[in-house]
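Each reported figure results from applying straightforward, stated rules to the coordinates on display, with no laboratory input. All values reported here derive from a predicted model rather than from experimental measurement. With ideal geometry, Cβ positions are generated from the backbone for all residues, glycine too; neighbour counts draw on all protein chains shown.
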């Protein structure tokens, strides 16, 4: 069970208000999509969940605990780009999470433990349709394949929360449908909570069980930095995704 | 007629063209050497190729009367030993310090400015200090090369570490990596090819410092020999020695390039 609760959250950078008075409650196994104009704090919100930004005021709780102040294995992330390791093959990229967990000193698994990990990795490779590419390097994959690997890489660690930062933004429109069914499949398989930032309104409604719209309520034309954005629409789409 | 920028030589043509400057250099030398020797058979400035060959043969394949050594080879071994030891030490310092500075903000704040300052000290200016402090032996020469080369490698690798996309480091943390695991599984493997690049770039200055140190205080070595025979205007020794040093440097560079291509094939793919 994972619950995310945000109360009266403010975020300011050196006099500039980015987020103001954000309130939110997200239940276990929700698929939250976040939309909004650029510069309205979507990514800042995601960075707080990730642990690389901290709230200025208010509370941001996961399962009643304050957010950790650094990234950890309970919250996976898929960026738009650069989240794969170029020196590791597809298989080793996927194994990395298991190896790091299983071997604090060397970060590598050997023998039977490695074989078990590889079995798990192979299942997941098949689930994301990369079984034929296990020995390739990330740079030899297409953009879509890279993102599928990056998602699998996070999912293998079984995070409570998976964060997606415009993961399909740089891909050809033709393959986003495949990516959508893939992410829904993994979401249902692993029972995790997903937060996904996107600029595609259609995508946000197609995937989400809850759509959050970030926008500024108040704007001072003389000093645009005076007011921040908040959640202007919080649209639950319950039951919508049960058939997926 | 196509534009000049679109006209390209073929494979064979490129090879031939690349040989051209060398052939031209040799021909020019032969011409002037011949002309001077015609005028004065005792001329030492541009010795005939045969003289050079004879001298080289004597130094490489006949024992020296006084020491019983094959001078050419003892010089080569002495110089290479100094150079390789110094490069190994510099690489180790460069890798460890550069990586730590790149990864750990506290260490960066503490020693990055210091390393930047040290790298600006002209190494030859501290050579007298080295001779006074550690004597005239091997340690002084090796230290000189390390002082000249290591700070450059440290800074280069620190920059390269900082260049790694932040997304990668965050991703590794979400996969559960500790600082140590991040270093050995993510950062270090990506720094190896960069270390080889840094070594290739500093190879030239490493030779410079080696020969400078040997010229001033040594009893053997390629640089020592050149500066020793300079007194007798022995161009028949100096010229082949310079060519030999160049060849050794070229070979080391080539070797590093091959190692990089073979051992880190991912780096070639990634670029």
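Residue B:193 meets each of the listed conditions (1) more than 10 Å from chain A (Cβ to nearest Cβ); (2) assigned to a helix (DSSP H, G or I); (3) touching a residue at least 60 places away in the same chain (Cβ under 8 Å) apart from (1). Looking across the range A:115-144 at every residue that is within 14 Å of another protein chain (Cβ to nearest Cβ) and surrounded by 16 or more Cβ atoms within 10 Å (Cβ to Cβ), the one that is farthest from residue B:189 (Cα to Cα) is identified as A:124. Taken over the range A:57-73, residues that are over 20 Å from residue B:178 (Cβ atoms) and loosely packed, with under 15 Cβ neighbours inside 10 Å amount to 7. Picking from residues in the range B:228-271 that are away from chain A (no Cβ under 14 Å) and not in a helix (DSSP H, G or I), the one that is farthest from residue B:192 (Cα to Cα) is B:233. For the condition without any contact (Cβ under 8 Å) to a residue 12 or more places away in the chain and closer than 22 Å to residue B:93 by Cβ, residue B:207 does not qualify. None of B:217, B:162, B:249, B:213 is buried (at least 22 other Cβ atoms within 10 Å of the Cβ), touching a residue at least 24 places away in the same chain (Cβ under 8 Å) and in contact with a helix residue (DSSP H, G or I) (Cβ under 7 Å, 6 or more places away or on another chain) except B:213. Among the conditions (1) buried (at least 21 other Cβ atoms within 10 Å of the Cβ); (2) under 14 Å from the mean Cα position of the chain (by Cα), the only one that residue A:180 does not satisfy is (1).
Of the residues A:46, A:84, A:88, which single one is within 30 Å of residue B:190 (Cβ to Cβ), within 14 Å of another protein chain (Cβ to nearest Cβ) and in a helix (DSSP H, G or I)? The unique qualifying residue is A:46. Out of the range A:161-180, which residues are touching a residue at least 40 places away in the same chain (Cβ under 8 Å) and closer than 16 Å to residue A:30 by Cα? Residues satisfying the conditions are A:161, A:162, A:163, A:164.
Considering the range A:142-157, the residues that are touching a helix residue (DSSP H, G or I) at 6+ places or on another chain (Cβ under 6 Å) and free of Cβ contacts under 8 Å to residues at least 60 places away in the same chain include one that is farthest from residue A:97 (Cα to Cα), namely A:144.
Among the residues of the range A:53-77, the ones that are within 14 Å of another protein chain (Cβ to nearest Cβ), assigned to a loop (DSSP other than H, G, I, E, B) and under 23 Å from residue A:166 (Cβ atoms) come to 7 in all.
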